[in-house]
1. Counting only Cα atoms, I'd like the Rg/Rh figure for segment 89-226, Kirkwood definition for Rh.
2. Using amide H atoms built in the peptide plane, which far-off residues or other-chain residues are under 5 Å from Ser13 H to H?
3. Pick out which of Ala133, Ala57, Ala209 has the largest mean-square fluctuation in a Gaussian network model of the chain, springs linking Cα atoms closer than 10 Å.
4. Setting aside same-chain residues fewer than 8 positions from Lys89, which lysines have a Cα under 27 Å from its Cα?
5. Does segment 1-157 come out rounded, prolate or oblate, given a ≥ b ≥ c as the square roots of the eigenvalues of its C-alpha gyration tensor, rounded meaning a/c under 1.5 and, failing that, prolate meaning a/b above b/c?
6. If you restrict to DSSP beta bridges whose two residues both lie in the chain, what percentage is antiparallel, to the nearest 5?
7. When the chain is modelled as a GNM with alpha-carbon springs shorter than 10 Å, which of Ile33, Ile92, Ile15 fluctuates the most?
8. Between Asn193, Asn108, Asn98, which gets the highest mean-square fluctuation from a Gaussian network model of the chain, Cα cutoff 10 Å?
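Throughout, read-outs are computed from the coordinates displayed, never taken from laboratory work. Model, not experiment: these values are computed from the prediction.
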Amino acid sequence: MAAPPMVRLKQVSKIYHKRPQPIPALQGVTLEIHRAEFVAVVGPSGCGKSTLLHLMAGIDRSTSGEVWFEDHLLSTMRETGLTRLRREKVGIVYQLYNLLPHLTLWENVALPLLLAGSPADDIRTRVAEVVKALDLTERTDHWPHQLSGGEMQRAAVARAVITRPSLILADEPTGNLDSKAGEAVLRLLRTLNQEGGFTVVLATHSQEAAAFADRVLRLRDGRILE
Ligand code: ADP
Ligand code: MG
């Protein structure tokens, strides 16, 4: 039997209940993301990209429909199970890096392993390996404010992959970078996908960024265009 998809959505809708009227952020979305794929979700601001990524990660719950992560139906899972799944299987990279300002680059990257209680020797080895791969070895003792935007984003990618998650979600990861630094981050995601076998879902409004993916899903007003 073929391996099940990494992520599967069936007729998923997400409505934010707001006054004066509800906001339908996603409407009837059906899709599959396969293992080791690099998929771009492309569409203008407000079309539902971040909402879609948050549902895949179990950060938020759908209003209706089914969201599957491997063989877990996320809508029926309790918060504790979702938290564990996120911690163990999902790495997330945001536009604004979200590095902790009072931790060094090394500490920021090591954080997920420190929180998981990994042995100190393992942590040192893994962080050294990842910062080397991301060309950050010279920067490990720096504070976030001493880094360039590109370096901060590479550090955020390092932190996202340090636990070797099954799925990397990147939400507009180049939105705050100049084109050279942005391209470096996209190439890095591509390399992690091709050489590391990571599954990557990239949300972006940029056609150029989407060109790094194997497959593009176009999203408009909460619906997938065919
Ligand atoms: P994108 O990431 O493509 O810009 P979002 O998923 O952030 O789109 O937003 C989709 C729609 O849902 C937008 O209309 C946005 O204003 C709305 N939305 C997103 N998050 C919330 C929220 N927490 N509460 C209310 N409305 C939201
Ligand atoms: Mg967004």
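1. 0.98
2. The list, which skips near neighbours in sequence, is Gly28, Val29, Thr63, Ser64, Gly65.
3. Residue with maximal mean-square fluctuation among Ala133, Ala57, Ala209: Ala133.
4. Lys10, Lys14, Lys49, Lys132
5. prolate
6. Close to 50 percent.
7. Of Ile33, Ile92, Ile15, the Gaussian network model singles out Ile15 as fluctuating most.
8. Asn98
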